[in-house]
Structure formats: structure tokens, C-alpha cells
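J.: I'd like to ask you about the structure that follows.
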Amino acid sequence: MKRTAIFRDDLFISHDPGYSHPESPERTKTIFSALDELSGKNHFLEPSFAKVEKNTLLLNHSNNLIRTVMATAGEKYSALDPDTLTSARSYDAACLAVGALNKGVDLLFQNKADNCFALVRPPGHHAERGRCMGFCLFNNVALAARYALKTYGIQRVLIVDWDVHHGNGTQNSFYDTDKVMYMSIHQSPLYPGTGAFHEMGVDKGAGYTVNIPLPGGQGDIEYANIFNTLVKEIGSQYEPELIIISAGFDAYHADAISTMRLTHSGYAYMTRVLMEMADEFCGGKVLVSLEGGYNLTGLKEGVFAVLSELSGRSLDTEFLSDLSPELAEVLRSEQKTHPAIERVREVAKKYWKM
């Protein structure tokens with residue numbers, strides 16, 4: 001069994017973008033209720049953690065952005081862009097989300113946990129240095145990567161983003177550095193319209209951004225093939241010292257925000273591939289952060305599939321089963337090629353052995 005730390009707090013429920021907004025408090029309420037059902041059956045570490053201060057936010061964001069978000073504190077309703085709305089405690093929740101991921105970094109590098117899952121809101125991967133967008137206030141994952149680089153002196157962080165939307169904010173945070181590799185598997189075309197094959201980084205970061213844009217309709221088998229080939233092949237050459245996952249669950253087959261066809265089996269398998277990579281290169285250090293996912297059933301199934309893999313135990317729940325027969329079959333068979341794989345290989349071979 002693994003020592004899996006879970007970060008949860010009711011403050012994440014207090015962030016309320018308003019009636020009918022897809023990024024609703026029900027998302028974390030659903031997950032937390034399911035965790036409570038497991039009480040006494042499955043045990044996870046639930047460490048205490050605290051909000052971060054402005055100096056930490058400055059590692060990845062501008063003064064103006066921080067002041068803008070801070071100004072929403074105590075306000076019943078604020079709109080930072082047409083999609084990104086806040087309530088009275090949204091700023092506090094956003095600071096606590098960053099604090100959760102940073103605490104996760106500490107636990108991993110101090111050998112107090114094997115892996116971590118931060119069940120946070122608001123999400124983060126669209127947040128740019130100077131702009132809140134796409135439901136995101138602060139870029140939780142980018143800040144955690146910068147915190148790990150600064151605090152523990154490491155040189156290589158791998159961020160894998162399987163949210164159905166491209167993480168423009170995370171990509172732009174590290175587009176010119178080789179200290180963070182950003183790999184994104186996302187539907188295209190879809191919001192925010194970034195993440196093309198040819199976006200590979202600049203200067204020292206050339207080759208350290210890998211985008212895998214996919215048409216809709218892709219499911220467990222297609223994602224498994226991509227992880228077995230591209231993600232594993234390029235990620236292993238990078239030899240990461242820490243792996244961070246931007247775990248969105250909006251590619252779930254019943255999520256109205258996309259047309260992908262993933263099930264909990266696909267999320268479990270993607271986690272398994274990254275854990276194997278982490279075991280080989282960085283002592284198993286995997287930090288997972290919640291991003292999107294707006295179908296509550298899919299969100300719950302996806303989160304618990306990931307937790308099952310992280311913890312190395314079968315979670316006793318009625319809503320989770322083994323890997324699908326179709327996915328199990330593809331793992332035993334010869335890997336099928338996919339047009340997206342070939343296109344990524346074509347642009348990546350300039351930087352990596354393909």
C-alpha cells in the first residue's frame with residue numbers, strides 16, 4: 001500500500017461562481033461525501049495545510065493579478081472575465097488551493113507521503129501570469145512546480161495535463177525553460193484555442209512543451225495508446241524528479257462540455273503509466289491536482305479511479321469496477337497508431353529520440 005495524502009477542506013466548497021455555473025461547489029461536495037462513505041474502510045493521510053501568502057503567488061503571477069483577485073474578498077459577486085466569477089471567499093479558497101499543492105510538494109520531498117491528490121477548487125491551469133480566465137484564479141500546478149524548483153533545488157519537473165481543455169496558463173508559464181516539461185492531451189478545437197502540435201517551446205524551452213491535440217470521440221483505448229507511446233517515450237527521456245498531474249475529468253464520456261469518451265478505466269490507466277514512470281525516475285513522487293470535470297458521476301468515478309491507483313488498493317465502492325475489458329485487451333495487444341501520435345512524432349523528433 002502507498003501512503004497517499006488527500007488535501008480537502010470545506011473552504012473549497014465556499015467558492016461559488018453562481019447559479020448554473022458548471023464549476024459549482026457540488027463538484028467537491030460530491031467527492032467529499034464519497035470519501036466520507038469510505039471512513040473505516042480505506043485510510044488516507046489528510047494533512048493540515050494553510051493558505052499561501054502573496055510572496056508565494058508572485059512566483060508565477062503579477063502584482064496586478066494578485067491585487068485583482070484579492071479585491072474580490074468579501075464581495076458577494078465579482079466577474080473577472082465572462083466565465084470566471086467569484087464569491088466572498090473565492091480568494092481565500094484560491095490561496096488555500098495553492099497551499100495544498102505546496103504542502104504536497106513538502107510531503108513528497110520530506111518522505112512523509114508517497115503521492116498526493118489535492119481535491120481543490122478553483123481549478124488553475126488556464127490562469128496566466130497576469131490574467132484570470134477559464135474558471136481559474138491562480139495556477140495551482142504552475143505555482144507548485146515553481147515552489148519545488150525553488151525550495152528543493154530540483155531541475156526537472158514533468159507536468160502532464162489530461163484535462164480536456166488545453167492548459168494555456170501552464171504552458172506559457174514554462175514555455176522558455178527546460179526545468180519544466182509540459183505535456184497536454186486535449187480536445188481540439190475547443191476552449192481556449194491553444195495547444196497546437198507546433199507549440200513546442202522557445203529558447204531553452206524548445207522541445208519541452210509537447211501538445212497532443214485530439215479530435216472528439218477518443219476513448220480509453222486511444223488515450224492508453226498515447227500514454228504507452230508518446231507520454232512514456234518522451235517523458236522517460238526527460239527523467240523527471242517530480243511528476244505533477246493536472247487531472248481534469250471533463251473528457252468523461254457523459255460530460256456535456258466535451259465529446260470525448262473516457263471512462264474511469266482510462267483515468268486509472270493514465271495514472272498507472274505515470275506512477276510507473278515516477279517509480280523509475282523520482283522515487284514515486286506524484287502530485288495530482290483537480291482541474292475540470294462537470295458531470296458529477298464522471299467526476300466521482302474518475303477521482304476514485306485515480307485514488308485507487310495512487311494508493312495501490314481497491315477502493316470498496318459501488319461506483320468503481322476493474323479496468324474495462326476493451327482496455328485490458330489493448331494492453332495485451334500490439335499498440336495501434338493514431339494520426340495524432342504520428343503528427344507529434346514528426347515535430348518532436350527534432351528534440352527527442354522517436
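The values are calculated or read from the model by the stated rules, or taken from the named source; none is laboratory data. Just so it is clear, the structure is predicted and the values come from calculations on it, not from any experiment. Reconstructed Cβ throughout: ideal geometry from the backbone, glycine too, with neighbour counts over all protein chains shown.
J.: Would you mind telling me which numbered condition in (1) aliphatic (A, V, I, L, M); (2) in contact with an Asp or Glu (Cβ under 6 Å, 6 or more places away or on another chain); (3) surrounded by fewer than 22 Cβ atoms within 10 Å (Cβ to Cβ); (4) modelled with pLDDT under 95 Ala268 fails?
T.: Only one criterion in (1) aliphatic (A, V, I, L, M); (2) in contact with an Asp or Glu (Cβ under 6 Å, 6 or more places away or on another chain); (3) surrounded by fewer than 22 Cβ atoms within 10 Å (Cβ to Cβ); (4) modelled with pLDDT under 95 is unmet by Ala268, namely (3).
J.: Filter the range 255-298 for residues that are among the hydrophobic types (A, V, I, L, M, F, W, C), closer than 19 Å to Ala113 by Cα and not in a helix (DSSP H, G or I) and give the result.
T.: Cys282, Val286, Leu287, Val288, Leu290
J.: Kindly evaluate Gly219 against the criterion of being modelled with pLDDT under 95 and either surrounded by fewer than 24 Cβ atoms within 10 Å (Cβ to Cβ) or of a type in the set (Asp, Glu) (or both).
T.: In short, yes.
J.: Same structure again: Among the residues in the range 7-22, are any of a type in the set (Phe, Trp, Tyr) and either surrounded by 14 or more Cβ atoms within 10 Å (Cβ to Cβ) or not in a loop (DSSP other than H, G, I, E, B) (or both)? First the steps, then the outcome.
T.: Our first condition is that a residue be of a type in the set (Phe, Trp, Tyr); within the range 7-22, this holds for 7, 12, 19.
Those left that are additionally either surrounded by 14 or more Cβ atoms within 10 Å (Cβ to Cβ) or not in a loop (DSSP other than H, G, I, E, B) (or both): 7, 12.
Yes: one or more hits.
J.: Let me ask you something else. Take Phe32 and tell me if it is at pLDDT 95 or above, outside any loop (DSSP other than H, G, I, E, B) and within 20 Å of the chain's Cα centre (by Cα).
T.: yes
J.: If you don't mind, another one. Would you list the helices (runs of 4 or more DSSP H) that sit entirely within the range 40-144 and hold 2 or more residues that are modelled with pLDDT under 95 and in contact with a strand residue (DSSP E or B) (Cβ under 9 Å, 6 or more places away or on another chain)?
T.: Once the helices (runs of 4 or more DSSP H) in the range 40-144 are filtered for at least 2 residues that are modelled with pLDDT under 95 and in contact with a strand residue (DSSP E or B) (Cβ under 9 Å, 6 or more places away or on another chain), nothing remains.
J.: Thr72 fails exactly one of the following numbered conditions: (1) without any contact (Cβ under 8 Å) to a residue 40 or more places away in the chain; (2) surrounded by fewer than 22 Cβ atoms within 10 Å (Cβ to Cβ). What is the number of that condition?
T.: With respect to (1) without any contact (Cβ under 8 Å) to a residue 40 or more places away in the chain; (2) surrounded by fewer than 22 Cβ atoms within 10 Å (Cβ to Cβ), Thr72 is out only on (2).
For (1) among the aliphatic types (A, V, I, L, M); (2) more than 22 Å from Val303 (Cα to Cα), each residue gets a yes or a no:
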{"residue": "Ala113", "(1), (2)": "yes, no"}
{"residue": "Met133", "(1), (2)": "yes, yes"}
{"residue": "Leu158", "(1), (2)": "yes, no"}
{"residue": "Gly167", "(1), (2)": "no, no"}
{"residue": "Thr170", "(1), (2)": "no, no"}
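J.: Which of the residues belonging to the range 170-216 are in contact with an Asp or Glu (Cβ under 9 Å, 6 or more places away or on another chain), closer than 18 Å to Gly292 by Cα and surrounded by fewer than 20 Cβ atoms within 10 Å (Cβ to Cβ)?
T.: Answer for the range 170-216, where residues must be in contact with an Asp or Glu (Cβ under 9 Å, 6 or more places away or on another chain), closer than 18 Å to Gly292 by Cα and surrounded by fewer than 20 Cβ atoms within 10 Å (Cβ to Cβ): just Tyr191.
J.: Next question. Could you look through the range 225-265, keep only residues that are of a type in the set (D, E, K, R) and either out of contact with any Asp or Glu (no Cβ under 7 Å at 6 or more places or on another chain) or under 22 Å from Ala348 (Cβ atoms) (or both), and pick out the one that is surrounded by the most Cβ atoms within 10 Å (Cβ to Cβ)?
T.: Ranking the candidates gives Asp255 first.
J.: Criterion first (modelled with pLDDT of 95 or more and under 18 Å from the mean Cα position of the chain (by Cα)) does Asp161 satisfy it? Explain how you work it out, then say what you get.
T.: On the way: modelled with pLDDT of 95 or more: yes; under 18 Å from the mean Cα position of the chain (by Cα): yes.
Considered against the rule, which asks whether it is modelled with pLDDT of 95 or more and under 18 Å from the mean Cα position of the chain (by Cα), Asp161 comes out as yes.
Here is a yes/no grid of residues against (1) part of a loop (DSSP other than H, G, I, E, B); (2) out of contact with any Leu (no Cβ under 6 Å at 6 or more places or on another chain):
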site: Glu199; (1), (2): yes, yes
site: Gly217; (1), (2): yes, yes
site: Glu222; (1), (2): no, yes
site: Asn228; (1), (2): no, yes
site: Lys232; (1), (2): no, yes
site: Gln237; (1), (2): no, yes
site: Pro240; (1), (2): yes, no
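J.: May I pose another question? Between residues in the range 1-30 that are among the small types (Gly, Ala, Ser) and residues that are part of a helix (DSSP H, G or I), which pairs lie under 7 Å by C-beta distance while being six or more apart or on different chains?
T.: Ala5/Gly104; Ala5/Leu107; Ser14/Ala93
J.: Just checking, which of Lys232, Lys285 is in contact with a helix residue (DSSP H, G or I) (Cβ under 7 Å, 6 or more places away or on another chain), in contact (Cβ under 8 Å) with a residue 60 or more places away in the chain and among the basic types (Lys, Arg)?
T.: Lys285
J.: Hey, among the residues in the range 308-329 that are touching a Ser or Thr at 6+ places or on another chain (Cβ under 7 Å) and modelled with pLDDT of 70 or more, which one's nearest to Asn225 (Cα to Cα)?
T.: Here the residue is Glu309.
J.: What are the residues in the range 24-78 that are among the aliphatic types (A, V, I, L, M) and under 17 Å from Ala100 (Cα atoms), if any?
T.: Of everything in the range 24-78, those that are among the aliphatic types (A, V, I, L, M) and under 17 Å from Ala100 (Cα atoms) turn out to be Ile31, Leu45, Ala50, Val52, Leu57, Leu58, Leu59.
J.: Can I ask one more? On the basis of being touching a Cys at 6+ places or on another chain (Cβ under 8 Å), without any contact (Cβ under 8 Å) to a residue 60 or more places away in the chain, buried (at least 19 other Cβ atoms within 10 Å of the Cβ) and closer than 14 Å to Ala127 by Cβ, does Leu80 make the cut?
T.: Considered against the rule, which asks whether it is touching a Cys at 6+ places or on another chain (Cβ under 8 Å), without any contact (Cβ under 8 Å) to a residue 60 or more places away in the chain, buried (at least 19 other Cβ atoms within 10 Å of the Cβ) and closer than 14 Å to Ala127 by Cβ, Leu80 comes out as yes.
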